[in-house]
Ligand SMILES: [Fe+2]
């Protein structure tokens, strides 16, 4: 069938379709129809695709989010992350993908405490830093959530041998913005590849490995919640990530404890001797800069304006109206809250 058929489908929308629904679904239909024509898709292939999409839902549960995994191996989450932040000011910490293993309500620890609830081996790390705004003003009370996998490559929710919430914790910055935690030097791991995401990797003849990394979510009211990861410069997969999430400015190097000077330990209210007695083998300083939500949204106004223009062009009922003033801060903030409280808590 020709473009005439595709236009007929797109033009079938009723008057109550919102401008955004009209724009996004029209574009989706156009791309899917073009893809179908370009590749001479047959009924059998279409049914295979339907069953593949169904299988993404069927294997997902409260501990596994295959939709994110499939997005990730296709580079979609990395593309969305990059595009979302493409117009942001560059003087704050870079974001990275959330990944499928975030859990809300991880245990709250005092600064300096360990997120290791059970000895699972690995290299013990002392991690510290300060959370500031983009003018280097300390952000007291900033919530710092970190999580990483065990040396066997599994997150606690994947591994019956790990206690609940092992290797994940929540810390709060003090009046100087300082936070610190004991954790493990992270390990590379394969993403789960026994389901649809693994099938995709097989079809593409690709490995499933992610570079060693620690996940972060750092938040404070009125500031944009930062979701990011830091990557170990010494891991070979940092240059060959199965989900394409690595950015240069979030690659770090863990320092062996024997190379750390006493003054650095003192800054953290401890000593090298004490750290060694606690089994710490590597040290990492990583500082976080958050940007105000209002500043970030102002930077994204160009994206919102382009979307508004597209909406207007596709909206037959608003032909003579002005392009609406673009201020999606409230909408965006509510959207983020929806994501965090709904989608993220499900993984
Ligand atoms: Fe991860």
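The values are calculated or read from the model by the stated rules, or taken from the named source; none is laboratory data. These numbers come from a predicted model, not from an experiment. In this analysis, Cβ positions are derived from the backbone assuming ideal geometry, glycine residues included, and neighbour counts consider all displayed protein chains.
Just to be sure before I move on: is residue 164 under 30 Å from residue 70 (Cα atoms) and in a strand (DSSP E or B) in the structure I sent?
no
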Tell me, please, whether a residue that is surrounded by fewer than 16 Cβ atoms within 10 Å (Cβ to Cβ), modelled with pLDDT of 95 or more and more than 15 Å from the ligand (Cβ to nearest atom) can be found in segment 259-275.
no
Residues within segment 130-170 that are in contact with a strand residue (DSSP E or B) (Cβ under 6 Å, 6 or more places away or on another chain) and on the phi < 0 side of the Ramachandran plot, tallied:
16
Among the residues that make up segment 112-123, is at least one of them within 18 Å of the chain's Cα centre (by Cα) and part of a loop (DSSP other than H, G, I, E, B)?
no
Can you pull out every residue in segment 54-90 that is modelled with pLDDT of 85 or more, assigned to a loop (DSSP other than H, G, I, E, B) and either under 16 Å from the mean Cα position of the chain (by Cα) or more than 20 Å from residue 200 (Cβ to Cβ) (or both)?
65, 74, 75
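Quick check: anything in segment 188-196 under 18 Å from residue 285 (Cα atoms) and buried (at least 21 other Cβ atoms within 10 Å of the Cβ)?
Checking segment 188-196: not a single residue is under 18 Å from residue 285 (Cα atoms) and buried (at least 21 other Cβ atoms within 10 Å of the Cβ).
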Scanning segment 151-161 for residues that are within 19 Å of the chain's Cα centre (by Cα) and either part of a loop (DSSP other than H, G, I, E, B) or away from the ligand (no atom under 15 Å from the Cβ) (or both), which turns out surrounded by the most Cβ atoms within 10 Å (Cβ to Cβ)?
155
I want to confirm something. Restricting to segment 208-224 and keeping residues that are within 25 Å of residue 154 (Cβ to Cβ) and not in a strand (DSSP E or B), which single residue is farthest from the ligand (Cβ to nearest atom)?
208
Out of curiosity, is residue 227 within 16 Å of the ligand (Cβ to nearest atom) and either crowded, with 16+ Cβ neighbours inside 10 Å or under 23 Å from residue 71 (Cβ atoms) (or both)?
yes
